[in-house]
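First up is the structure itself, then whatever we jot down about it.
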Amino acid sequence: MLHYKVAIIGAGPAGYFAAQALHNLQNEERVFAIDMIEQLPTPWGLVRSGVAPDHPKMKTVSKVFEKIAADPNFRLFANVEIGTEITVAALVEKYDAVVVATGSTLGKKLGIPGEDLYGSMSAADFAPWYNAHPDFADVKVPFDCDTAVVIGAGNVAMDVVRMLALDPSELDPTDTADHAITAFKNSAVRKVYLSARRGAEHAAFTSPELRELPKLQHTNVIIERSDIEAAIVRAGQTPGKDVKSNLDAMLLIAKNPKIDNDRTMEFLFQHTPKEILGADRVEGVVYSTPNGDVRIKCGLVITAIGYQAASINGVPYENGKVVNVDGRVHAGMYVVGWAKRGPTGVIGTNKSDSAAVVELLVADLKPPKNAGDISQLITSQQVVDQSGWLRIDAAEVAAGEAKGKPRVKSIKRAELLKKAGI
Ligand code: NAP
């Protein structure tokens, strides 16, 4: 029997699906001991700190993650950062394979004037703020304005616009960070624009997200009917299935505008951001449109225009991704998820993607190294293992039960470590 050791850096969906694929490739000749290493004290990656809290069904995939983690050959090392104290090279030396699964956490920049003003931020900061990510608890979001603008036409922009435009009482039964619920309740924002630089036929949303908008009880959703009719013409006689489904959903909204709520989201198409205006804080956005420049007065701008991977020392990067061929960085090092392919696809996309990379990994295997593992490299006393995480999980769920929420997330690292029993 060959005993292989695999380190997975990053405890998000792609990492768990890689662990699952390794588990499935065990047979009477080989087993895999998997060590998953995570810089936060908590696992689950975007399922905890990215997925919108009003989409609880999407988080049920965490049950799959926990089933994978329950395998006796799986160990979690959370609250451990790789690339500083423990190097990637040291992991490569010890493990038969290292899988990088660290995602794309940095928001892309527009590269226009005014982008760095107070009140202009990326969804890469805003979403973890409302999702109780410890490193984003102090992000300052100015809600003392009546109008906000979200730039981008993908599902992240859709999450952000919904979070800004729904009635905050709708967040009470969710696991939104307490500080964010309070801020949303005190917010003066009543009008939120979502701006797309191209026509509606090019929008990157998926239609289920559009179809749920009319169900928002306290929010008007405005889409200009002529924008969609023009997009339908431009899309031609045989638009792709997804484009047609999106346009149908948008036309339905456009034909049935709600106007009786005091909160409104409005979609703007063919609006290319040119400049963010303001002296010491955001005061507006200038767009270039087919009808000339348009100015929108607002006090908050959130860009949701894609992500790039944050670098880890010892891993090669290019164009915001880890340099790789089909997930192989070099024999012994692999990459999965958004760090591999860029920020595309839904959570489930990672299942087949990680499985394909793991097949390469297994094909590359040599006889086991038997060179030890991360436990010989760790000096910190503050590692959260699977049982520590289960204690955090149980405490958060119990705190949520009392309030009719799935959980109340702890925000500070110290608080999380205390709950883990450290
Ligand atoms: P995305 O789907 O790639 O959308 C990015 C948007 O940003 C596009 O509309 C793009 O427009 C726009 N954009 C890019 N550069 C721009 C610029 N310089 N100026 C103006 N607009 C610009 O990315 P995402 O929304 O970050 O989502 C990432 C992935 O996560 C997607 O696969 C998404 O479906 C998935 N996701 C899924 C869910 C869900 O299932 N509910 C939720 C969140 C995220 P162009 O098309 O013109 O480039």
Roughly what angle does helix 155-165 make with the longest principal axis of the chain, taking Cα atoms, 0 to 90 degrees, to the nearest 10?
60 degrees
If we sort 335-341, 253-259 on the protection proxy, mean other Cβ atoms within 10 Å, highest first, what's the order?
335-341, 253-259
Mean-position separation - Cα centroids, region 40-72 and region 123-148, in angstrom:
21 Å
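Counting only other residues whose beta carbon sits under 15 Å from that of TRP389, what net charge do I get with K and R as +1, D and E as -1?
Numbers: positive: ARG48, LYS63, LYS67, ARG75, ARG391, ARG407, LYS409, ARG413, LYS418, LYS419; negative: ASP35, GLU38, GLU66, ASP71, ASP385, ASP393, GLU396, GLU415.
Here the charged neighbours net out to +2.
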When DSSP beta bridges are limited to those with both residues in the chain, what percentage is antiparallel, rounded to the nearest 5?
30 percent
Reachable aspartates and glutamates from LYS255, Cα under 13 Å, same-chain residues fewer than 8 places away excluded?
GLU224, ASP227, GLU229
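Report for region 109-305 the percent antiparallel among DSSP-assigned beta bridges with both residues inside it, nearest 5.
35 percent
Helix-only estimate, please: 222 nm mean residue ellipticity of the chain, summing -39500 (n - 2.57) across DSSP H runs of length 4 or more and dividing by its residues, to the nearest 500. Intermediate values should be presented prior to the final figure.
Numbers: 14 runs with 134 residues, N = 422.
It lands at -9000 deg cm²/dmol.
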C-alpha center-to-center spacing [region 94-112, region 222-265] in angstrom:
35 Å
Greater than 29 Å separation of Cα atoms is the criterion. Which listed pairs, LYS351/LYS403; LYS244/LYS321; LYS109/LYS191; LYS67/LYS419, meet it?
LYS351/LYS403; LYS244/LYS321
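How about region 89-188: which trypsin sites (Lys or Arg not before Pro) there lie in a loop by DSSP and see at most 15 other Cβ atoms within 10 Å? Could you put the intermediate results ahead of the total?
Details: sites: LYS94, LYS108, LYS109, LYS140, ARG162, LYS185; in loops: LYS108, LYS109, LYS140.
Hits after loop and neighbour filter: LYS109, LYS140.
Once the other residues with Cβ under 15 Å from the Cβ of ASN324 are scored (Lys, Arg +1; Asp, Glu -1), what is the net sum? Mind showing how you got there, number by number?
Details: positive: LYS321, ARG328, LYS340, ARG341; negative: GLU318, ASP326, ASP353, GLU359, ASP364.
Surrounding charge for ASN324 is -1.
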Environment charge of HIS3, counting only residues whose C-beta is closer than 12 Å and scoring Lys/Arg +1, Asp/Glu -1
0
Spatially proximal aspartates and glutamates relative to LYS63 (Cα-Cα < 15 Å; intrachain offsets below 8 disregarded)
ASP71, ASP393
Qualifying aspartates and glutamates (Cα of each under 16 Å from Cα of LYS241; at least 8 residues distant if same chain)
GLU201, GLU209
Restrict the search to region 358-422; then list the GluC sites (Glu not before Pro) that DSSP places in a loop and that have at most 10 other Cβ atoms within 10 Å of their Cβ.
none
Region 109-305 - accessible surface per residue (Å², probe 1.4 Å):
44 Å²
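Using the crude model of +1 on Lys and Arg Cβ and -1 on Asp and Glu Cβ, and no other charge, please compute the dipole size for the chain relative to its Cα centre, in debye to 20.
On the way: 47 positive and 50 negative charges, 80 e Å.
Its charge dipole is roughly 380 debye.
The values are calculated or read from the model by the stated rules, or taken from the named source; none is laboratory data. The model shown is predicted, which means the values in this text are computed figures rather than measured ones. All Cβ positions, glycine included, derive from the backbone under ideal geometry; neighbour counts span all protein chains shown. Side chains are part of the model used for accessible areas, which takes the heavy atoms of the whole protein and leaves out ligands, DNA and RNA. Shrake-Rupley method; radii C 1.70, N 1.55, O 1.52, S 1.80 Å.
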